[in-house]
Each structure stands twice: as structure tokens, then as C-alpha cells.
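Novice: First, the structure itself, so that you have it in front of you.
The values are calculated or read from the model by the stated rules, or taken from the named source; none is laboratory data. The shown structure was predicted, so the numbers you read here are calculated from the model rather than taken from an experiment. Here the Cβ positions follow ideal geometry from the backbone for every residue, glycine too, while neighbour counts run over all protein chains shown. Surface accessibility is based on the protein's heavy atoms, side chains included, excluding ligands, DNA and RNA. Shrake-Rupley method; radii C 1.70, N 1.55, O 1.52, S 1.80 Å.
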Amino acid sequence: MKNIPVIMTIFGGSGDLAHRKLYPALFNLYEQDLIKDNFAVIGTARRPWSHDYLREQVMDAVHENNKEVDENHLKQFASHFYYQSHDVTNTEHYQAIKDLANDLDSRYSAQGNRIFYMAMAPRFFGTIATHINDQKLIGSGFNRIVVEKPFGRDLASASELNEEIKASFNENSVYRIDHYLGKEMIQNILPMRLSNPLIKNIWSGEYIKNIQVTLAETLGVEARGGYYETSGALRDMVQNHIFQIITLLAMGEPTALTSEAIHAKKQELLDSMVIPSADEIKTAFVRAQYAGTDDTFGYLQEPNVAPDSKTETFAAGKVKFTKGSLANVPIYFRTGKKLREKKNRIDIVLKHMNNLYGQAHSNNITIIIDPKSEIYFTINGKRISEPGIRRENLAYEFSDYENSLVPDGYERLLHDVFVGDQTNFTHWSELAKFWEFIDAVEDAWQGENKTIDKLIQYPQGKLGPKQASEIFETPTERWIYE
């Protein structure tokens, strides 16, 4: 598709997300002619900016992300941006946005198409959605809303927000965005699984012992202590990123590569998800906080963090399903801050099989998501100069040229919003199942909080607390990435 006609309103147009991600992504889509002559963007925020000032900010954002830019193209692109000062609680301000959108629709022949992007603090999502409806900002063409995470903080609040959005938009028009689903190696999971007989034929509990998902960060909470206190690692990373990865790994093979077929298999899988009991949570889940060093704060010393906080900066646990390609196969996860290195990876551990070389190890398939894109197989091979078996890695790694071609996750996902493809966005029924699982764990932890003084403290620069190695179902299982 080329030159899609649309008026896009970004609520939070002066914010960090818009500057770092949205404006550079939109420029790249403009360069590809996906949007060209018949689009305009309205940036809204409380700041008293002008159209020209917003355009300067847009050009600065593009320069910060692109080494070489055609300045004429950039100026033409920025000329499509307009600013409207806006208080999200003031209904009169929505009328001003509506009037501007209608004027731009006529000027750019946008055919009544509208995209609304929620790039603001989550507490405003419901208010904005409500006023889009009651102030009639909806256009006469297609209408789509993009909602950033977090979508609620539990099932109840997520359900309330969903009802507010439903007043203006049907489910097929809601794009709950998770930038992880725009990452190259996440998008590679289904093609790898389904197009390679070598992998497709072993993708079952008959051959796979377990799967391990690790999302490790080196940074602490930095200046986000206030936000993190209301979230924690489980809500911040597991409820969205990790569950998205697990769903792609465990879902059954779809009947077609359409959004409808893929989401049908995801829903079938999630309907079979095992919700852990309180007793299971005690043995198969671990939470902890990073400790301080001589030079750095521990979590409890971070700004805007309560000194007696029981919010976790590390979480590990287990997910199982009774249906899907990996029915009854344990999928372990862990994520945390202030860990040894920034690395996001998936380890598929194959079952060990008896052989004439009794010392042979099991095979593994590893997918490195970040900081580089790589897939490698860990296999057994002959030692060269002495008897015995050694482990070897067969690696597929992107070249520098291939890496240069990989678009940013936001660019990919914004493209999908413009063309109306919901494959890489979360349906409400899927999100509700994620929250059902998270709520069960959070409820158990809240109960434990009444009997403990503080959470486990783990040293910075490691891969979490030693207790995370005790969640496996059998004594022969361990973390492959150590």
C-alpha cells in the first residue's frame, strides 16, 4: 500500500516516546511512501507549543536517529505536523482537536480516516478514550486507536479500561502495542518453527524438555522509582513481553498466516493455560530485589522507593499449557534489573536420548533477541585430538548489512496500524488471560507480604538470586544461560 490517507492524533506529542520512537518511525514510513501526500499528524500536550516548534522537534528527532537525511524530504515531512495544546480532562480542548482534524482532512484529502495514539501516562487512557467518544472525534472513514502498555495493572482495571475504549472503538480497531512483537527475532519465531522440517518435526513434548526465556537488564530503576513501585518486574515485563514470547513459542500451528488464524491459535492456547495455585507459586516462582554496592543504590535506596517496599525487581517462574504444540512442557522465565549483562534470549532444551556415546549432552536451540540477532544449535561432535565428545555451536548470525536493514520495532508496528494488520497486536481476550495468570501470582505474593520483613536481595552483576535455580520440576533441569 502507498500514500495511505489519514489524520493521526498523538496524545503526548511532546513526550519522550514520540520524540525517540514515533517521529523517526513515521519519517521512515514517509520515505517508503506508505504515507506521503494525504496524511497529517496532530501532536497534543499541555505545553504551549506552536506548529513551527513541533516541526522543529520532529526534525531534531529524525536527525538524532538518522545519520544521513535528505533535508528537503525532512522539511516536507515535518510540514505535515500540527500542534494543539490540550488538557485531556477539558472537553472543550477535544472540540479544538476535532475542528483541526476536520480542517486537515479537507486540506489533505484524508477521506475521514483517523488514527489516535495514546503516548501519555496510562492513567489518562480511559479519560481520552471516553472523550474521543462523547466529543465525537471519530472520522467517517476507518478509526483506529493505539494503546501503549501497561493496559491496566490487574484484570479489573484492564477490564474497566477496555470497556471505556469499546465505547468508541470495536475490537478490530484497537491496537494494543508491545514493541517486542516488532523485534526481528520475535517475528522469526513462527517462520523458524513452521518452515524448517528439522525444527517443526521436534516441536512437541516428545522431544522438548523445557523452554527458558530470559530478559535481562543491566540498568536499575533509575528515575522511574515512582512508576516501578506500582508495577514491579512481574507486571512490567512478564505480563506483556514474556507472555507474548511464550505464546508464539507454544501456540499450535495456525491454518493460515492470517491475523485471524494466528489469533485463533493463540486464544486456544491461552484458554488451556494452567493458573498456578498458591502452593505452586511458593515452589515455582521467585521474586527479589537488587542489593546495593559501595558505589550504587540498592532498590530500597532508590529515589521514590519506599524503604520497606516489597516490589520485586526480579521475577522467575513457570508457565504450562494443556493444549498447543508444547502441551505440558514447562516454560520457565526470568527477568530482572541490575543483572550481569543486557541480553534477551530463548533456550529450547531438547530431551537427552540414550546413545552409544553415553557422555553426550542434550541438544539446545538458542534464539538471541538482543543485543544482536542470532540463532544457534548446540550439538555434540567428536573431539579432534583425543577420544570423546565435545559440544559445538552451529550459528546463524545476521551480517552487519542485514542488521542495517532491520527496522525498529515501532516502525514495523506503525506500518501494521496504517495498513490495518492486527497480527502483531494483542486481542483483549488474550490480554485478559495474561492478567488472570499475573493476578494469581500477585495475590499469592500479597499474602506472603504479611509474613515477611523484606524480599530476597540479590547481588548486582549476577543473573539474579540463587533461589531462581530451584524452580525447576526435576533435579536434572537447570538454566542453560548461566
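Novice: How many residues does the stretch 397-419 contain that are exposed (fewer than 12 other Cβ atoms within 10 Å of the Cβ) and among the aromatic types (Phe, Trp, Tyr)?
Specialist: The total comes to 1.
Novice: Checking the structure you have, find out if any residue of the stretch 47-63 is β-branched (Val, Ile, Thr) and either in a helix (DSSP H, G or I) or open to solvent by 70 Å² or more (accessible area, probe 1.4 Å) (or both).
Specialist: yes
Novice: For residue 23, are the conditions met, namely being assigned to a helix (DSSP H, G or I) and within 21 Å of residue 408 (Cα to Cα)?
Specialist: Against the criterion (assigned to a helix (DSSP H, G or I) and within 21 Å of residue 408 (Cα to Cα)), residue 23 qualifies.
Novice: Also: Return the pair list, or none, for Cβ contacts closer than 9 Å from residues in the stretch 76-88 that are on the phi < 0 side of the Ramachandran plot to residues that are small (Gly, Ala, Ser) and open to solvent by 20 Å² or more (accessible area, probe 1.4 Å), at least 6 apart or on different chains.
Specialist: Partner pairs satisfying both residue conditions: 83/14; 83/50; 84/96; 85/96; 86/96.
Novice: From the set of residues in the stretch 136-164 that are open to solvent by 40 Å² or more (accessible area, probe 1.4 Å) and charged (D, E, K, R), which is farthest from the chain's Cα centre (by Cα)?
Specialist: 136
Novice: Being in contact (Cβ under 8 Å) with a residue 24 or more places away in the chain, of a type in the set (S, T, N, Q) and closer than 17 Å to residue 199 by Cα is the filter here, so list the residues in the stretch 335-376 that pass it.
Specialist: Passing the criteria: 362, 364, 366.
Novice: Still on this structure, please answer the following. Would you mind listing the helices (runs of 4 or more DSSP H) fully within the stretch 239-290 where at least 3 residues are open to solvent by 10 Å² or more (accessible area, probe 1.4 Å) and out of contact with any Pro (no Cβ under 7 Å at 6 or more places or on another chain)?
Specialist: Hits in the stretch 239-290: 259-270, 278-284.
Novice: Is there any pair linking a residue in the stretch 377-388 that is open to solvent by 100 Å² or more (accessible area, probe 1.4 Å) to one that is charged (D, E, K, R), with Cβ under 8 Å and at least six apart or on different chains, and which?
Specialist: Partner pairs satisfying both residue conditions: 382/390.
Novice: Return the pairs, sorted by first residue and then second, in which the second residue is open to solvent by 50 Å² or more (accessible area, probe 1.4 Å) and not in a helix (DSSP H, G or I), the first residue lies in the stretch 224-236 and is in contact (Cβ under 8 Å) with a residue 40 or more places away in the chain and of a type outside the set (D, E, K, R), the beta carbons are less than 7 Å apart, and the residues are 6+ apart or on different chains.
Specialist: That search, which allows pairs on different chains as well, returns 225/303; 225/304; 226/304; 230/153.
Novice: Something else: Any residue at all in the stretch 208-230 that is at pLDDT 95 or above, among the hydroxyl-bearing types (Ser, Thr, Tyr) and closer than 17 Å to residue 426 by Cβ?
Specialist: no
Novice: Another one. Within the stretch 76-93, how many residues are at pLDDT 95 or above and open to solvent by less than 30 Å² (accessible area, probe 1.4 Å)?
Specialist: Residues in the stretch 76-93 being at pLDDT 95 or above and open to solvent by less than 30 Å² (accessible area, probe 1.4 Å): 6 in total.
Novice: Could you tell me which residue of the stretch 440-482 is surrounded by the most Cβ atoms within 10 Å (Cβ to Cβ), considering only residues that are of a type in the set (Asp, Glu) and in a loop (DSSP other than H, G, I, E, B)?
Specialist: So, considering only residues that are of a type in the set (Asp, Glu) and in a loop (DSSP other than H, G, I, E, B), the one surrounded by the most Cβ atoms within 10 Å (Cβ to Cβ) is 477.
Novice: (1) over 21 Å from residue 148 (Cα atoms); (2) part of a helix (DSSP H, G or I): which one isn't true of residue 18, the others all being true?
Specialist: With respect to (1) over 21 Å from residue 148 (Cα atoms); (2) part of a helix (DSSP H, G or I), residue 18 is out only on (1).
Novice: What pairs can you find where one residue is in the stretch 390-419 and within 21 Å of residue 192 (Cα to Cα) and of a type in the set (Lys, Arg), the other is open to solvent by less than 20 Å² (accessible area, probe 1.4 Å) and outside any loop (DSSP other than H, G, I, E, B), and their Cβ atoms are less than 8 Å apart, with a gap of 6+ or different chains?
Specialist: Note: pairs meeting the criteria are 412/182.
Novice: To continue, here is another question. For the stretch 94-131, name all the residues that are within 27 Å of the chain's Cα centre (by Cα) and small (Gly, Ala, Ser).
Specialist: 119, 121, 126, 129
Novice: Related question: Filter the stretch 341-368 for residues that are under 13 Å from residue 215 (Cβ atoms) and in a loop (DSSP other than H, G, I, E, B); which is most open to solvent (accessible area, probe 1.4 Å)?
Specialist: 342
Novice: Which of the residues spanning the stretch 291-304 are open to solvent by 60 Å² or more (accessible area, probe 1.4 Å) and of a type in the set (Phe, Trp, Tyr)?
Specialist: 297
Novice: Same structure again: Against the definition (more than 25 Å from residue 3 (Cβ to Cβ), part of a loop (DSSP other than H, G, I, E, B) and either among the charged types (D, E, K, R) or open to solvent by less than 50 Å² (accessible area, probe 1.4 Å) (or both)), how does residue 36 come out, yes or no?
Specialist: Judged against the criteria, residue 36 is not a match.
Novice: Of all the residues that make up the stretch 64-75, how many are of a type in the set (S, T, N, Q) and open to solvent by less than 40 Å² (accessible area, probe 1.4 Å)?
Specialist: 1
Novice: Looking only at the stretch 17-48, count every residue that is more than 19 Å from residue 114 (Cβ to Cβ) and modelled with pLDDT under 95 and tell me the total.
Specialist: Selection size over the stretch 17-48: 3.
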